[in-house]
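The values are calculated or read from the model by the stated rules, or taken from the named source; none is laboratory data. Note that this is a predicted model, so its numbers are computed, not measured. Note that each Cβ is placed from the backbone with ideal geometry, even for glycine, and that neighbours are counted across all protein chains shown. Only protein heavy atoms, including side chains, enter the accessible area calculation; ligands, DNA and RNA are left aside. Shrake-Rupley method; radii C 1.70, N 1.55, O 1.52, S 1.80 Å.
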Amino acid sequence: MKMVDKIAADLCLDPDYIASVIKRSRFYYRDYYIDKRDGGRRKISQPSPELKTLQYWVVNNILNKFPISNSAHAYQKGSSIKRHAQFHQNSKHIFHTDICKFFPSITYEHLQPILLSNPKLFEDLEIDLDSVETIRDICFRENSLCIGTVSSPIISNIIMYQFDVIMLGYCKKNHLKYSRYADDIYLSSNSYIDLAHVSFVSDTLRKFGFSINESKTYFSSPKYRRKVTGLVIGTDSSVTIGSEKRAFIKKLVYDKLVHNKGDGNSILGYLAFLKDIEPQTYNNIIAKYSQYCKEDIIEALKK
């Protein structure tokens with residue numbers, strides 16, 4: 001069965017309508033920008049409900065069949081930045097880098113050979129060049145992945161699978177720990193991490209069509225604060241949000257309860273984050289600042 005016909009049958013929609021959306025998919029996005037911490041702006045491309053539905057179908061019926069490395073800690077069920085940080089918490093030395101323009105650098109040419117080389121994964125579908133180009137038109141825009149679509153995260157993990165396998169083998173041989181959280185790459189060890197290991201990361205990325213971001217490449221050790229995906233690893237190997245962010249959240253709660261300043265939903269989001277990483281600190285804040293309101297503190301923050 002052709003892919004368009006299969007999608008139409010599964011979604012109870014007319015095949016011609018499905019084909020029309022796919023043909024004009026590049027117009028089914030709403031673009032907006034968010035500020036980045038480095039002062040730049042990140043483009044977000046949000047697909048329309050029609051296109052998003054087709055992307056969900058591709059994820060559930062095609063992309064979910066492909067293996068994802070255990071080293072990929074982002075976009076996985078049960079994954080979190082806390083679990084990722086805990087993977088490295090007992091290592092004295094940590095190396096971090098990230099991939100330049102990760103999603104926009106992933107093109108249809110990365111995914112096409114993976115799809116065409118695994119036809120047995122799709123029992124009742126004809127996985128030929130036409131079908132793969134249908135997937136391209138649903139999941140890619142102008143031949144690149146967009147930030148903001150439901151299919152981009154899993155596609156990124158699929159095309160990075162072989163990179164992860166290579167890095168795992170190399171790190172096992174050299175007594176290193178390796179993980180990748182989306183475009184963030186971490187190596188850790190109880191021994192000094194030699195620059196030769198960094199060169200291997202850079203050279204291997206280049207073979208896959210990527211490059212490391214020199215401005216976000218750094219080493220850390222107990223002598224200097226160790227951070228993994230934004231979380232701080234203490235001298236006792238505990239994983240925390242760090243003293244600065246802890247103080248920031250306390251001030252947000254105080255200002256809202258005492259001066260009614262700030263957005264309650266945003267503050268509740270910070271508290272949920274704190275509860276996940278440092279549950280005891282969360283409980284302490286709830287107990288301490290409840291004196292500033294006559295009702296349940298969570299309800300007071302919602303107002």
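Scanning the stretch 198-208 finds one or more residues that are open to solvent by 40 Å² or more (accessible area, probe 1.4 Å), within 17 Å of PHE219 (Cα to Cα) and among the hydrophobic types (A, V, I, L, M, F, W, C). Among the candidates SER79, SER144, SER156, SER71, the residue that is more than 20 Å from MET3 (Cβ to Cβ), under 20 Å from the mean Cα position of the chain (by Cα) and free of Cβ contacts under 8 Å to residues at least 12 places away in the same chain is uniquely SER79. Taking (1) open to solvent by 10 Å² or more (accessible area, probe 1.4 Å); (2) out of contact with any His (no Cβ under 6 Å at 6 or more places or on another chain) in turn, PHE95 satisfies each apart from (1). Selection of first residues in the stretch 11-28 that are under 22 Å from ASN143 (Cα atoms) and in contact (Cβ under 8 Å) with a residue 40 or more places away in the chain and of second residues that are open to solvent by 50 Å² or more (accessible area, probe 1.4 Å) and of a type outside the set (Gly, Ala, Ser), restricted to Cβ pairs under 7 Å at least 6 apart or on distinct chains, gives the following pairs, ordered by first then second residue: ARG26/GLU142.
The one condition from (1) under 21 Å from LEU129 (Cα atoms); (2) under 23 Å from the mean Cα position of the chain (by Cα); (3) not hydrophobic (A, V, I, L, M, F, W, C) that GLN89 does not meet is (1).
Checking TYR56, TYR29 one by one, the residue that is modelled with pLDDT of 95 or more, under 17 Å from SER152 (Cβ atoms) and open to solvent by less than 80 Å² (accessible area, probe 1.4 Å) is TYR29 and no other.
Counting only helices (runs of 4 or more DSSP H) that sit wholly inside the stretch 93-196, those with at least 1 residues that are at pLDDT below 95 are 102-105, 108-116, 129-139.
Selection of the stretch 233-267 for residues being surrounded by fewer than 18 Cβ atoms within 10 Å (Cβ to Cβ), among the aliphatic types (A, V, I, L, M) and at pLDDT below 95 yields only VAL258. Of everything in the stretch 219-232 that is under 25 Å from TYR270 (Cβ atoms) and among the small types (Gly, Ala, Ser), the residue that is surrounded by the most Cβ atoms within 10 Å (Cβ to Cβ) is SER220. Of the residues making up the stretch 151-172, those that are small (Gly, Ala, Ser) and open to solvent by 10 Å² or more (accessible area, probe 1.4 Å) number 1. Those residues that are open to solvent by 60 Å² or more (accessible area, probe 1.4 Å), over 24 Å from LEU231 (Cβ atoms) and either in a helix (DSSP H, G or I) or in contact with a helix residue (DSSP H, G or I) (Cβ under 7 Å, 6 or more places away or on another chain) (or both), I need them from the stretch 268-303; list them, please. GLN291, TYR292, GLU299, LYS302, LYS303, listed by residue number.
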